[in-house]
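Asker: Have a look at the structure that comes next, please.
The values are calculated or read from the model by the stated rules, or taken from the named source; none is laboratory data. As the structure is a prediction and not an experimental result, all values here were calculated from the model. Cβ placement follows ideal geometry from the backbone for every residue including glycine, while neighbour counts extend to all protein chains displayed.
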Amino acid sequence: MTKLSVECIIDNHQVGTQVLNALEFERTQHVLHEMKSLGADVQQDEHQLTHADINLLGVKTARDVNIETRAQYSATEIQAMYRPQIKMMEDMWKKICKGFNLAKSPFKMSQTYMKVLGVDPDLIINGRPQKTVKDETPEDKMRRIANEASEMALQMNPEHFFVTASDDGLYGMETFGMYGAPYPQLITPLSTDALPVPRDPAYPVATTGQPTLMDGTPLYTIPYHQYKPLENGIELKLSVIMPETTPDEIINGHAYHLAIEFMHTAEIYAQSND
């Protein structure tokens with residue numbers, strides 16, 4: 001198997017993969033306890049797990065059970081399971097985002113720097129485009145990547161519940177910023193020219209998008225990811241722009257969420273090329 005080298009900096013501090021793995025384990029258990037409390041079928045080898053059983057799972061077993069538990073529910077079923085929690089999070093974000101103007105309002109930004117060696121940078125940036133497709137629109141690319149991500153999403157982060165393509169872009173549900181509860185959102189293409197943060201000229205590729213809640217309310221948790229391909233890897237500046245009133249716990253939490261997500265994305269692509 002290809003050996004990856006992962007460097008991560010959050011809030012000007014080096015964050016080792018051991019720290020990311022330990023945090024992922026905590027969130028993996030959190031999701032299992034949360035879903036168990038909501039009536040989900042949480043099993044290991046056809047044995048129903050109690051909350052006490054969940055606490056005794058090892059890292060690998062907890063990860064496997066977490067993936068299997070989330071995978072057994074459709075997008076419709078998982079949203080029904082979390083309906084009260086989704087309403088709570090939607091109400092919270094509507095208050096945070098009320099009156100926010102992306103071009104003019106004060107904002108905060110979650111920031112994660114990563115350098116990953118041992119992976120094809122084009123896979124991180126573009127996924128696996130079909131060779132027969134020469135010219136993709138931003139909408140086409142987002143739909144394609146959403147379809148690819150739907151197969152990987154549960155492995156990328158323990159707090160991803162589903163990712164799929166919609167007519168307009170990417171439709172998914174996650175616990176944003178490791179805060180509160182998960183909620184669904186739609187992300188459609190957005191020009192980087194609309195952002196209040198300048199491009200870093202050292203990073204030739206940048207992506208962004210406009211999230212909305214499912215009732216169409218604009219959600220100002222704007223992803224802004226910049227990519228610098230290397231000979232044997234990639235450098236990443238992973239950012240999310242949010243209103244100034246966003247709790248700092250979300251700002252910090254999502255920096256770690258993205259680090260875990262992209263660490264596993266690189267692992268998946270590196271393994272697929274072996």
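Asker: Would you check which residues across segment 35-53 are part of a helix (DSSP H, G or I), within 24 Å of the chain's Cα centre (by Cα) and either small (Gly, Ala, Ser) or surrounded by fewer than 18 Cβ atoms within 10 Å (Cβ to Cβ) (or both) and list them?
Answerer: Ser37, the sole residue that qualifies.
Asker: Condition check: modelled with pLDDT under 95 and not in a helix (DSSP H, G or I). Does Met1 satisfy that? Spell out the reasoning first.
Answerer: On the way: modelled with pLDDT under 95: yes; not in a helix (DSSP H, G or I): yes.
Yes: the conditions hold for Met1.
Asker: Continuing with the same structure: Val19 - would you say it is surrounded by 14 or more Cβ atoms within 10 Å (Cβ to Cβ) and over 22 Å from Thr164 (Cβ atoms)?
Answerer: The answer is yes for Val19.
Asker: Scan (1) touching a helix residue (DSSP H, G or I) at 6+ places or on another chain (Cβ under 8 Å); (2) closer than 30 Å to Leu195 by Cβ for the single condition Cys97 breaks and write down its number.
Answerer: Tallying (1) touching a helix residue (DSSP H, G or I) at 6+ places or on another chain (Cβ under 8 Å); (2) closer than 30 Å to Leu195 by Cβ, Cys97 fails exactly one: (1).
Asker: For Ala80, only one of the following conditions fails: (1) in contact (Cβ under 8 Å) with a residue 40 or more places away in the chain; (2) aliphatic (A, V, I, L, M); (3) under 30 Å from Leu49 (Cβ atoms). What is its number?
Answerer: Of everything listed in (1) in contact (Cβ under 8 Å) with a residue 40 or more places away in the chain; (2) aliphatic (A, V, I, L, M); (3) under 30 Å from Leu49 (Cβ atoms), Ala80 misses just condition (1).
Asker: Is it the case that Ile9 is surrounded by 13 or more Cβ atoms within 10 Å (Cβ to Cβ), out of contact with any helix residue (DSSP H, G or I) (no Cβ under 7 Å at 6 or more places or on another chain) and farther than 30 Å from Glu244 by Cβ?
Answerer: Details: surrounded by 13 or more Cβ atoms within 10 Å (Cβ to Cβ): yes; out of contact with any helix residue (DSSP H, G or I) (no Cβ under 7 Å at 6 or more places or on another chain): yes; farther than 30 Å from Glu244 by Cβ: no.
So Ile9 does not fit the description; no.
Asker: For segment 54-144, give me every one of the helices (runs of 4 or more DSSP H) that falls completely inside it and has 2 or more residues that are modelled with pLDDT under 95, surrounded by fewer than 18 Cβ atoms within 10 Å (Cβ to Cβ) and not hydroxyl-bearing (Ser, Thr, Tyr).
Answerer: 121-126
Asker: Now for a separate question. Of Pro243, Pro223, which residue is surrounded by 18 or more Cβ atoms within 10 Å (Cβ to Cβ) and without any contact (Cβ under 8 Å) to a residue 60 or more places away in the chain?
Answerer: Exactly one of Pro243, Pro223 is surrounded by 18 or more Cβ atoms within 10 Å (Cβ to Cβ) and without any contact (Cβ under 8 Å) to a residue 60 or more places away in the chain, namely Pro223.
Asker: Looking only at segment 31-57, count how many residues are within 19 Å of Tyr183 (Cα to Cα) and free of Cβ contacts under 8 Å to residues at least 60 places away in the same chain.
Answerer: Step one: of segment 31-57, the residues within 19 Å of Tyr183 (Cα to Cα) are 31-40.
The next check asks that each one be free of Cβ contacts under 8 Å to residues at least 60 places away in the same chain; those that pass are 32-33, 35-40.
Qualifying residue count for the region: 8.
Asker: Follow-up question, since we're still on this one. Under 22 Å from Ala181 (Cα atoms) and either in contact with a Phe, Trp or Tyr (Cβ under 9 Å, 6 or more places away or on another chain) or assigned to a helix (DSSP H, G or I) (or both): does that describe Glu7?
Answerer: Answer is no for this residue.
Asker: Continuing with the same structure: Can you go through Ala255, Ala206 and tell me which one is without any contact (Cβ under 8 Å) to a residue 40 or more places away in the chain, among the small types (Gly, Ala, Ser) and outside any loop (DSSP other than H, G, I, E, B)?
Answerer: Unique residue meeting the criteria: Ala206.
Asker: Follow-up question, since we're still on this one. List every residue pair whose Cβ atoms sit under 6 Å apart, with the two residues 6 or more apart in sequence or on different chains, where the first one lies in segment 99-120 and is farther than 30 Å from Leu230 by Cα and the second, anywhere, is exposed (fewer than 15 other Cβ atoms within 10 Å of the Cβ) and not hydrophobic (A, V, I, L, M, F, W, C).
Answerer: Pro106/Glu244; Phe107/Glu244
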